[in-house]
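Asks: Sharing a structure below in structure tokens format, with a few things to ask.
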Number of protein chains: 2
Amino acid sequence: MWRHNIYSGDVLKVSDIGEVKLINKLFSIMGGPGGITGFDDVVAVKTDRVAVVVKTDSFVESADRLPGMPPEAIGHKTVVMNVSDFAAKGVKPMGMLVSLAVPPDTDVGFLEIIYKGMVKAAASYGFRVMGGDTSTSRELILAGFLFGVQKPDLIVQRRGAKTGDIVATTGFFGDTACAYMILLKHMSPGDQVLERRLVNHAYFPEARLKEGLALASHRLASAAIDCSDGLAVTLHQLAEASCVGILIDNVPVSPDAKKYAEYYGLDPVELALYRGGEEFELVVTIPEEKWYEACKVVESVGGRLLRLGRVVSRIGVFINMDGEEKPVKLKGWEHFKGWV
Amino acid sequence: MWRHNIYSGDVLKVSDIGEVKLINKLFSIMGGPGGITGFDDVVAVKTDRVAVVVKTDSFVESADRLPGMPPEAIGHKTVVMNVSDFAAKGVKPMGMLVSLAVPPDTDVGFLEIIYKGMVKAAASYGFRVMGGDTSTSRELILAGFLFGVQKPDLIVQRRGAKTGDIVATTGFFGDTACAYMILLKHMSPGDQVLERRLVNHAYFPEARLKEGLALASHRLASAAIDCSDGLAVTLHQLAEASCVGILIDNVPVSPDAKKYAEYYGLDPVELALYRGGEEFELVVTIPEEKWYEACKVVESVGGRLLRLGRVVSRIGVFINMDGEEKPVKLKGWEHFKGWV
């Protein structure tokens with residue numbers, strides 16, 4: 001009732017301004033982001049000798065549940081999307097709380113499977129779901145709150161990339177873009193095994209925690225971010241945070257995504273850059289003299305580093321794959337606005 | 001779709017079992033509550049020298065927004081319900097994150113006032129709202145996540161009450177019970193000034209942080225809990241956690257609630273025990289030899305301690321006010337089930 005009394009007709013909606021502007025407005029009320037890192041994937045607050053590091057990310061059924069997504073995957077993904085930010089910052093999670101909101105007619109068995117999915121995923125990353133709270137609501141929402149501690153100087157920030165650093169990632173892109181097309185646009189690749197693999201990648205993504213912890217503990221990354229809004233958006237966020245540019249000359253597209261792109265005659269690089277999201281690969285910058293050690297360290301924990309390109313001094317994100325340089329557009333998924 | 005495929009008709013709903021059983025089921029999946037306190041108002045995890053202490057509590061518009069509740073009060077209450085648990089445990093909040101879920105057509109100005117309410121309330125308790133995340137959803141939900149650190153042995157747990165301890169509280173009861181009757185049952189007290197004061201108490205409650213921190217830092221409380229589900233339920237929770245009983249001989253009813261009860265011919269003690277909730281007063285147990293010091297310490301920070309009764313060895317919660325002893329029933333508000 002309040003909304004209509006005061007703002008007589010002339011209402012500015014959340015969908016009019018989109019997520020980025022909304023966050024900026026809310027931060028200006030809060031007096032800017034808190035903690036020692038400034039605007040970043042986590043909030044880190046220094047105490048006696050360590051920093052307390054916290055992160056929240058929510059799974060909302062109407063916004064985040066892909067068609068056919070099983071309840072175990074809902075729990076799994078609620079954990080992974082929070083762990084992924086800790087992975088990028090090089091912080092080991094200590095535990096997670098979950099604030100659960102559900103309609104009263106929700107099936108208890110359905111919730112139990114969601115929680116089993118959370119518990120299993122948390123265990124695979126070495127921590128426990130420790131508690132939380134429950135409320136009634138109009139739809140299922142799981143707000144995950146991850147917490148941990150880390151020495152302040154070991155936290156890898158979004159800012160910190162220097163001109164000349166190598167830009168690298170921990171895995172391949174494109175699978176989730178294909179999964180979204182299969183699930184949201186009914187564009188099957190005509191191969192059930194391939195389809196199942198692509199869809200499973202979107203249902204059960206993994207966070208690169210081992211890789212992130214290894215890079216941080218050896219002080220090898222100058223900056224890092226996890227890829228949750230698509231590769232193009234992530235590269236822009238990383239470049240912007242360090243006031244540098246990025247020139248990429250390689251986009252590692254997964255073999256499955258290549259097959260899918262070929263079936264539909266799509267450009268696999270376009271697919272990987274602009275149509276994906278929630279791959280949860282890390283995108284890191286590594287000083288050139290540390291590149292070899294960084295590759296070894298990540299391999300020693302069972303991962304890999306794939307070179308994307310270089311940090312450059314001019315502002316912007318660019319791609320040069322066939323001798324021709326083009327800007328990488330800032331487009332991908334944005335809450336409240338959809339694909340922009 | 002999943003819900004109906006597997007559980008063919010025979011579905012156990014969340015509302016069939018209620019909040020307490022749901023939480024028990026979820027905890028059994030999690031392997032029990034995490035941290036050093038066991039089941040309690042917060043989760044505390046020991047690290048190097050301190051414990052990291054975390055708490056989440058959500059404000060859900062359809063469940064928690066009282067009729068006429070202004071947006072500033074939504075923000076205020078989201079902070080207070082989280083701070084209150086830290087107050088009971090004697091932990092100073094370090095910062096708060098907020099996971100915001102809103103329908104895309106939500107008025108931005110409405111959200112801004114909510115956040116101003118949060119920021120103002122947080123500042124009054126000495127910390128900042130430091131970040132969070134935003135999602136689209138079918139209704140407004142604010143999941144607050146409070147974090148801090150404390151020396152493990154200074155955390156006041158729910159368990160710890162000993163036979164003979166004095167049971168006390170930090171303020172008066174009954175105001176929110178009256179506010180609920182005014183707002184939800186349209187039972188006005190026929191006095192606009194009184195009505196406004198009672199309703200404001202429900203819109204803008206306060207957490208007893210100063211009192212809780214003072215008691216904890218001087219190691220004066222053997223156990224503590226904040227009163228969020230009504231006084232009767234709170235006394236039962238406190239007694240149960242310590243495997244003791246409580247015999248009360250005093251229920252401090254606020255002067256306003258007494259006036260209201262008189263107007264409707266209600267028993268003010270019944271009102272205060274069973275019909276309230278979210279008063280956010282602390283209920284603490286104090287060893288008898290520390291009672292005088294506890295009163296002084298709480299007064300020195302501008303608060304008060306009101307005696308409710310004693311911890312007794314027989315299990316249960318009892319009241320004796322006119323020479324006749326009666327059990328205090330375990331009834332109050334429960335999510336998913338309503339008043340029980």
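Asks: Within segment A:98-127, which residues are hydroxyl-bearing (Ser, Thr, Tyr) and either free of Cβ contacts under 8 Å to residues at least 40 places away in the same chain or not assigned by TED's automatic domain parsing to the domain that holds residue A:69 (or both)?
Replies: Those that are hydroxyl-bearing (Ser, Thr, Tyr) and either free of Cβ contacts under 8 Å to residues at least 40 places away in the same chain or not assigned by TED's automatic domain parsing to the domain that holds residue A:69 (or both): A:106, A:124.
Asks: Additional query: Can residue A:29 be described as facing another protein chain (nearest Cβ under 7 Å), over 21 Å from the mean Cα position of the chain (by Cα) and within 29 Å of residue B:92 (Cβ to Cβ)?
Replies: It is true that residue A:29 is facing another protein chain (nearest Cβ under 7 Å), over 21 Å from the mean Cα position of the chain (by Cα) and within 29 Å of residue B:92 (Cβ to Cβ).
Asks: Only residues that are closer than 24 Å to residue B:193 by Cβ and within 18 Å of the chain's Cα centre (by Cα): list them for segment B:255-290, please.
Replies: B:271, B:272, B:275, B:276, B:277, B:278, B:279, B:280, B:281
Asks: Specify which of the listed residues (A:92, A:77) is within 19 Å of the chain's Cα centre (by Cα), basic (Lys, Arg), surrounded by 24 or more Cβ atoms within 10 Å (Cβ to Cβ) and modelled with pLDDT of 95 or more.
Replies: Every option except A:77 fails the conditions.
Asks: Right, here's the next one. What residue, of A:79, A:50, A:60, A:83, is over 20 Å from residue A:114 (Cα atoms) and touching a residue at least 60 places away in the same chain (Cβ under 8 Å)?
Replies: Result: A:50 is the single residue among A:79, A:50, A:60, A:83 that is over 20 Å from residue A:114 (Cα atoms) and touching a residue at least 60 places away in the same chain (Cβ under 8 Å).
Asks: Within segment A:24-46, count every residue that is among the β-branched types (Val, Ile, Thr) and either modelled with pLDDT of 85 or more or more than 30 Å from residue A:150 (Cα to Cα) (or both).
Replies: 1
Asks: Follow-up. Among the residues of segment A:186-194, is there at least one that is crowded, with 22+ Cβ neighbours inside 10 Å, at pLDDT 95 or above and out of contact with any Phe, Trp or Tyr (no Cβ under 7 Å at 6 or more places or on another chain)?
Replies: no
Asks: Of the residues B:149, B:83, which is more than 9 Å from every other protein chain (Cβ to nearest Cβ) and under 14 Å from residue B:43 (Cα atoms)?
Replies: B:83
Asks: Right, another one. Considering only segment B:158-170, state which residues are in a loop (DSSP other than H, G, I, E, B) and away from chain A (no Cβ under 14 Å).
Replies: B:159, B:160, B:161, B:162, B:163, B:164, B:165, B:170
Asks: With assigned to a loop (DSSP other than H, G, I, E, B) and either under 14 Å from the mean Cα position of the chain (by Cα) or of a type in the set (D, E, K, R) (or both) as the only criterion, which of A:189, A:205 stands out?
Replies: A:205
Asks: Looking at (1) over 21 Å from the mean Cα position of the chain (by Cα); (2) buried (at least 16 other Cβ atoms within 10 Å of the Cβ); (3) touching a residue at least 40 places away in the same chain (Cβ under 8 Å); (4) part of a helix (DSSP H, G or I), which one does residue A:293 not meet, given that it meets all the others?
Replies: Evaluating residue A:293 over (1) over 21 Å from the mean Cα position of the chain (by Cα); (2) buried (at least 16 other Cβ atoms within 10 Å of the Cβ); (3) touching a residue at least 40 places away in the same chain (Cβ under 8 Å); (4) part of a helix (DSSP H, G or I) leaves (2) as the failure.
Asks: In segment B:56-94, how many residues are basic (Lys, Arg) and under 20 Å from residue B:215 (Cα atoms)?
Replies: Qualifying residue count, segment B:56-94: 2.
Asks: In segment A:1-16, which residue that is touching a Phe, Trp or Tyr at 6+ places or on another chain (Cβ under 8 Å) and modelled with pLDDT of 85 or more is nearest to residue A:331 (Cα to Cα)?
Replies: So, considering only residues that are touching a Phe, Trp or Tyr at 6+ places or on another chain (Cβ under 8 Å) and modelled with pLDDT of 85 or more, the one nearest to residue A:331 (Cα to Cα) is A:15.
Asks: When you scan segment B:327-340, how many residues do you find that are within 24 Å of residue B:161 (Cβ to Cβ) and either within 14 Å of chain A (Cβ to nearest Cβ) or at pLDDT 95 or above (or both)?
Replies: Residues meeting the conditions: 4.
Asks: Which members of segment A:296-325 meet the condition of being under 19 Å from residue A:269 (Cα atoms) and exposed (fewer than 11 other Cβ atoms within 10 Å of the Cβ)?
Replies: Passing the criteria: A:322, A:323, A:324.
Asks: Now, a different point. State all residues of segment A:32-63 that are more than 7 Å from every other protein chain (Cβ to nearest Cβ) and buried (at least 22 other Cβ atoms within 10 Å of the Cβ); if no residue qualifies, say none.
Replies: A:37, A:40, A:41, A:42, A:44, A:51, A:53, A:55, A:59
Asks: Go through segment B:254-266 and report how many residues are under 11 Å from residue B:177 (Cβ atoms) and outside any helix (DSSP H, G or I).
Replies: The total comes to 2.
Asks: Filter segment A:216-241 down to the residues that are among the polar types (S, T, N, Q) and out of contact with any Gly (no Cβ under 6 Å at 6 or more places or on another chain), then identify the one that is nearest to residue A:181 (Cα to Cα).
Replies: Among residues in segment A:216-241 that are among the polar types (S, T, N, Q) and out of contact with any Gly (no Cβ under 6 Å at 6 or more places or on another chain), the one nearest to residue A:181 (Cα to Cα) is A:228.
Asks: From the list A:209, A:247, A:215, A:220, pick out the single residue that is farther than 15 Å from residue A:170 by Cα and either in contact (Cβ under 8 Å) with a residue 40 or more places away in the chain or touching a Phe, Trp or Tyr at 6+ places or on another chain (Cβ under 6 Å) (or both).
Replies: When all the criteria are applied, what remains is A:247.
Asks: Here's a check for you: in segment B:93-127, which residue that is over 21 Å from residue A:14 (Cβ atoms), in contact with a helix residue (DSSP H, G or I) (Cβ under 6 Å, 6 or more places away or on another chain) and not aliphatic (A, V, I, L, M) is farthest from the other protein chains (Cβ to nearest Cβ)?
Replies: B:125
Asks: Just one of the numbered conditions (1) outside any strand (DSSP E or B); (2) free of Cβ contacts under 8 Å to residues at least 60 places away in the same chain is not true of residue B:135; which one?
Replies: (1)
The values are calculated or read from the model by the stated rules, or taken from the named source; none is laboratory data. Computed from a prediction, not measured in an experiment: that's the story for all the values here. Don't worry about glycine lacking a Cβ; one is built from the backbone with ideal geometry, like all the others, and counts go over all protein chains shown.
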